[in-house]
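Single-structure report; data block below.
Quick note: the coordinates plus some simple rules give every number you see, no bench work behind them. Bear in mind that the values here come from a model prediction, so they are computed numbers and not experimental data. Ideal geometry is used to build each Cβ from the backbone, glycine not excepted, and the neighbour counts take in all protein chains shown.
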Amino acid sequence: MKRNAVYMSAWLLIAGFAFSKGAAAQDTIKVGVLHSLSGTMAISETTLKDTVLMMIDAQNKKGGVMGKKLEAVVVDPASNWPLFAEKAAQLLEKDKVAVTFGCWTSVSRKSVLPVFEKDDGLLFYPVQYEGEESSKNVIYTGAAPNQQAIPAVDYLMKEVGVKRWVLEGTDYVYPRTTNKILEAYLLGKGVAPADISINYTPFGYSDWQARVAAIKKFGSAGKKTAVVSTINGDANVPFYKELGNQKISAEDIPVVAFSVGEEELSGVDTKPLVGELAAWNYFESINTPANKAFINQWHAFIKNPKRTTNDPMEATYIGFNLWVKTVEKIKSTDPEKVIAALPGMETPNLTGGTAKVLPNHHITKPVYIGEVKADGQFNVVWKSAGEVPGDAWSDFLPGSKNIEADWVTLKCGNYNTVTKKCSGQNYK
Amino acid sequence: MKRLPTGGQWLTMLLLALVGVVPGRAQSPKDAAFLSTLGELREASYSDKATIAERLGQSGHPSVRAVLTALLDSRLYYRNSDQKIFIVKSADADPLSLIDPLSLKSAGSAAASDMTQIGTNNGLRSVLRMTVAHYSLSSPDASVRTDAVREMSRSLDEPAVALLRQRLGVETNSGVRKEIATALALAALEGPDGKARLDAIATLKSSVDQDVRNRLALLLGKNGDGSFVESDENVRKAAAGAVATIDHWRTFYSGFETLFFGLSLGSVLVLIAVGLAITFGVMGVINMAHGELMMLGAYTTYVVQSAMPDHIGISIVVAIPAAFIVAGLVGVLMERTIIRFLYGRPLETLLATFGVSLILQQTVRSIFSANNRSVVTPDWMSGSLRLNDALDITWNRLYIIIFTMIVFSLILLVLKRTRIGLDIRAVSQNRAMARAMGIRTQWVDAMTFGLGSGVAGVAGVALSQLTNVGPNLGQSYIIDSFMVVVFGGVGNLWGSLIGGMSMGMVNELLEPYAGAVLAKIFVLIALILFIQARPRGLFPQKGRAAEDR
């Protein structure tokens, strides 16, 4: 049913776009924006489209890049994964964009990956994800598992004293991979298999009563228990509501979420969520001059002082600034040259640190753990000492322990340090 | 967060007399010390704040309880200009009304931007809750006392046990007495006297609390060197017996709980299907926009709530008739403008109503934006009813079961006992004959469709309490509602009731073993097989009406 609706709207949109050919002036640099503006992911992705437009607008007011104005080419892949690939091909082959900012879900990224690799494009991907990937043509400005999930579990283990773990997720690739990494990590730390419970529920699940009762039961074995939640999107609200109704407070069984941020909380009655945890690399409540300026800029651009900022927006901000800096340094927008020059580039992030592009195409990010406050913002209760470098291939999975990504010296995204072979997403 | 009622000064005095400290006069050195300790909270880390709170607790100052309760409720602030600490009446207000932490008298007000909140985290809050519990033991509210005893039984040190003993002497409420007896028995398990430990186990045996069970189970364990934790074999035997008894009862209650879950999921299924049972079952119209009519009901709840933000409690009750009218009118409009031209052409009806569903979704998106709207759960619907230590029943599910039963009975009443109901049944059984008898069949069609749509709107009000109110709300329930109607037997309301309830029950029984995804798949497969064997559902319609379809 849902799928039908998505396809339908997708076709309507394709029809719509046939009419909207942008008249391209010669002296502009084209920037592709590949975010869903309709369908289920529109809620999250529209914000990122607006962020890119805001950054382009601000850059043009400063005189553009290398004396040329930036021109946004916005396409709508409509939350339809195959359409992401089509739209990416359109951006790269027809519009010949210099750089693309886009994608949210991992499945959409996997869908456009072959297109970017074939046409040698450049994609900035701004969302936390499950890792196990490093493409020559993608810069991952969101968190890898070692920049979000692992530190969060470490925090619970060391600071809260958690001994028993419920890994609760929505049934798709990001939770499954993340939970596989976390399970391996926890077992490696000496947690008994009986003290780990892994469970998956479908997208948009709302009948949480039995699951929450099971969590309550699992958590009443006399050991401190925590829930690590990779529950996605809509399903979170009824989940937290049910926790509240069954009187499981954050003090008894804390829930740490990797997909719940300011934006997700803005449409929610936050009363039952107070004290629940989230792990991100940015919170709107972090008080730095750069963040204040960013929030003001956002409110002025979107003309709504109530809109929140969030972690993927900061990742978009970092990615955009990294690209501008690199282009201005090498005086070229040729994606191949920009990609070669990106590793080692640095730009300040919004929380007072520095984001540096690593040879594996991930960046350095600080990690923050926040507790939900009654106003829907987060109260930072823990932060990492300095920035954590993103690790493309998890060290905790047997399959990827020996894999390394290095686009500077090895020129390879999947290099096996034992067999000394480069496979998968390799590069000449 | 729980708000503890601000107790009278005499309570604090009583407690202080108990601990053996006499409160000093205002602005004494004690006040100064208290204030300076309080001042440390401004800069301290969370773990330091916990030790500061403990030191405050030991200071014996008369304001300790008020200050710590305020800190627990995030109502402790300091003024940015002079760094002075104040309690505020409510953290939501702006300007904040200030209370002096020493005299507990009003101290004017200040703009929220001039004040900084002293933050807490989970760890600190549980320390505070424990400390405040010691003071709440003398609260006039029995439920506050019960919670206080529970809180204290988590860590029973000597002062806590002494306080509990003291309280047991004056406590009149039997529930609280039982809690205290359990807590004291738990403390006695630690004692050196084997006889006392046996008595304690006898007391604890009647409990069904998981914490008590875990504590008893600890006695059966072995130390690192292989010796038993509990040296006395009789005590060990008694403990093993008690654990078995508690486990037995907990299994029983968890079975009961699963039954309740099944009933509540079944009620939701019946509620979303019963409107469809009228439009699809009685009229034979395949209405793909049924889910969107529920969505309209949910959005009506949101609008009603936004219109009366100060009366959230009754807004839900107001929303029920409002949602019925809104969804019913939309239903009548649909019937008059589209569906009546398509009677007897199910495929065209299906496509047309699917189109309507997309239009309704986009309309809602244009008016309310694509984001989910937040519908607040009123206080009387949140939380749970505690039947005993092993069984909590959540209020919202309980209300929805009751609500479904009321809606279902009302529909039956309308169909069986009213004039319009008679007309509806007549038209659905034999249209030509009904028209010949002078029934305005077109009008009856519109009313029937309006009734079914209105009931869908009412279901939307209930769904707004269970799931997200967004443009896609309808899509996630439409398939379930068709399944229930087809399973129960098209055209049979009782079939929908039995069908929905049994599907809910089977789903909840399977879920603990198979997981949510597989349970749903099993139910679907079972349904397919069932429809293969009995294409007309559980309770097929008999007679002429069935032949016409």
When all Cα-Cα pair distances of region B:255-475 are considered, the percent exceeding 30 Å is 28 percent
Under 5 Å from the placed amide H of B:Ala107, counting only residues 5+ away or on other chains, we find B:Leu98, B:Ile99, B:Asp100
Checked region A:161-203 against the a/c 1.5 cut and the a/b vs b/c comparison, axes a ≥ b ≥ c from its Cα gyration tensor; verdict prolate
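In debye, nearest 20: dipole of the protein assembly as shown around its Cα centre with unit charges on the Cβ of K, R (+) and D, E (-)?
1560 debye
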Inter-chain shielding metric for B:509-517, i.e. average beta-carbon neighbours from other chains within 10 angstrom, reads 4
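Would you mind giving the mean number of other chain beta-carbons within 10 Å of the Cβ of each residue in A:244-251, as a whole number?
If you average over the peptide's residues, the count of other-chain Cβ atoms is 6.
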With Cα coordinates, the longest principal axis of chain A makes an angle with the long axis of helix A:173-188, in degrees rounded to 10, of 50 degrees
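For B:Val455, what is the net charge nearby, where nearby means another residue's Cβ is under 15 Å from its Cβ and Lys, Arg count +1, Asp, Glu -1?
Result for the neighbourhood of B:Val455: -2.
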By the mean-Cβ-within-10 Å protection proxy, highest first, A:103-115, B:401-413 rank as A:103-115, B:401-413
Length gained, A:Asn416-A:Lys401, 0.36 nm per residue minus C-alpha separation, equals 4.5 nm
The distance between the Cα centres of region B:81-113 and region A:288-304, in whole Å, is 30 Å
Here FRET efficiency (C-beta to C-beta, A:Lys325 to B:Asp114, R₀ 45 Å, nearest 0.05) is 0.65
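When Cβ neighbours within 10 Å are restricted to other protein chains, what is their mean count per residue of peptide A:197-204?
So the per-residue partner count for this stretch is 3.
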Given unit charges at Cβ for Lys, Arg (+) and Asp, Glu (-), the dipole magnitude of chain B about its Cα centre in debye, nearest 20, is 1560 debye
With the dipole of chain A defined by +1 on each Lys or Arg Cβ and -1 on each Asp or Glu Cβ, the option from A:Ala85, A:Asn137, A:Ala210 whose Cα lies farthest towards the positive pole is A:Asn137
With a Förster distance of 30 angstrom and the Cβ-Cβ distance between A:Ala221 and B:Gln58, calculated FRET efficiency to the nearest 0.05 equals 0.35
Listed by chain and number, the residues whose amide H is under 5 Å from that of A:Ser197, excluding neighbours fewer than 5 places away on the same chain and using placed H, are A:Trp165, A:Val166, A:Leu167
Summed over the other residues with a beta carbon less than 14 angstrom from that of B:Leu98, with K and R at +1 and D and E at -1, the charge totals +1
Cα-based Rg then Dmax for chain A, in Å, read 21.3, 69
If the label point sits 7 Å along Cα→Cβ of A:Leu53, residues of region A:290-304 with amide N under 20 Å come out as A:294-304
Expressed in angstrom and rounded, the centroid-to-centroid distance over alpha carbons for region A:365-412 and region B:177-244 is 45 Å
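Which entries in A:Lys94/A:Lys411; B:Lys49/B:Lys205; A:Lys94/A:Lys292; A:Lys68/A:Lys383; A:Lys303/B:Lys84; A:Lys163/A:Lys421 show an alpha-carbon gap greater than 31 Å?
The pairs that break the limit, which is 31 Å between Cα atoms, are B:Lys49/B:Lys205; A:Lys94/A:Lys292; A:Lys68/A:Lys383; A:Lys303/B:Lys84; A:Lys163/A:Lys421.
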In whole Hz, the Karplus estimates of ³J(HN,Hα) for region A:272-282 (6.51, -1.76, 1.60; θ = phi - 60°; x where Gly or Pro) are x, 9, 4, x, 5, 9, 9, 10, 8, 9, 7
The simple spin-label model distance between B:Thr251 and B:Leu422, using points 7 Å out along Cα→Cβ, in nm, is 5.7 nm
Where a ≥ b ≥ c are root eigenvalues of the Cα gyration tensor, a/c under 1.5 meaning rounded, otherwise prolate if a/b exceeds b/c and oblate otherwise, region B:137-231 counts as prolate
The FRET efficiency for B:Asp94 and B:Thr363, from their Cβ-Cβ distance with R0 = 30 Å and rounded to 0.05, is 0.25
For region B:224-231, Karplus-derived ³J(HN,Hα) couplings (6.51, -1.76, 1.60; θ = phi - 60°; whole Hz; x for glycine and proline) come out as x, 8, x, 7, 6, 4, 9, 7
Relative to chain B, whose Cα atoms define the longest principal axis, helix B:158-170 and its Cα axis are tilted in degrees, nearest 10, by 70 degrees
Rounded to the nearest 500, the 222 nm mean residue ellipticity computed for the protein assembly as shown from DSSP H runs (n ≥ 4, each -39500 (n - 2.57)) alone is -17000 deg cm²/dmol
In terms of the alpha carbon gyration tensor, root eigenvalues a ≥ b ≥ c, rounded if a/c is under 1.5 and otherwise prolate when a/b exceeds b/c or oblate, the protein assembly as shown is oblate
Descending packing, highest mean Cβ count within 10 Å first, for B:443-454, B:363-374 is B:443-454, B:363-374
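Could you rank the peptides B:28-35, A:276-283 by their average count of other C-beta atoms within 10 Å per residue, with the highest value first? Each step should come with its number before you reach the end.
Numbers: B:28-35: 15.1, A:276-283: 27.8.
The most tightly packed comes first, giving A:276-283, B:28-35.
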In degrees rounded to 10, the 0-90 angle between helix B:312-337 Cα long axis and the longest Cα principal axis of chain B is 20 degrees
Neighbours of B:Tyr299 by Cβ distance under 14 Å: Lys/Arg at +1, Asp/Glu at -1, summed charge +1
Residue span B:Phe341 to B:Arg177: 0.36 nm per residue of separation minus Cα-Cα distance leaves a gain in nm of 52.0 nm
Placing +1 on each Lys and Arg Cβ and -1 on each Asp and Glu Cβ in the protein assembly as shown, then taking the dipole about the Cα centre, the residue among A:Gly319, B:Gly255, B:Val270 whose Cα reaches farthest towards the positive end is B:Val270
Amide H neighbours of A:Val380 at under 5 Å, excluding residues fewer than 5 places away on the same chain, with H built from the backbone geometry, are A:Glu371
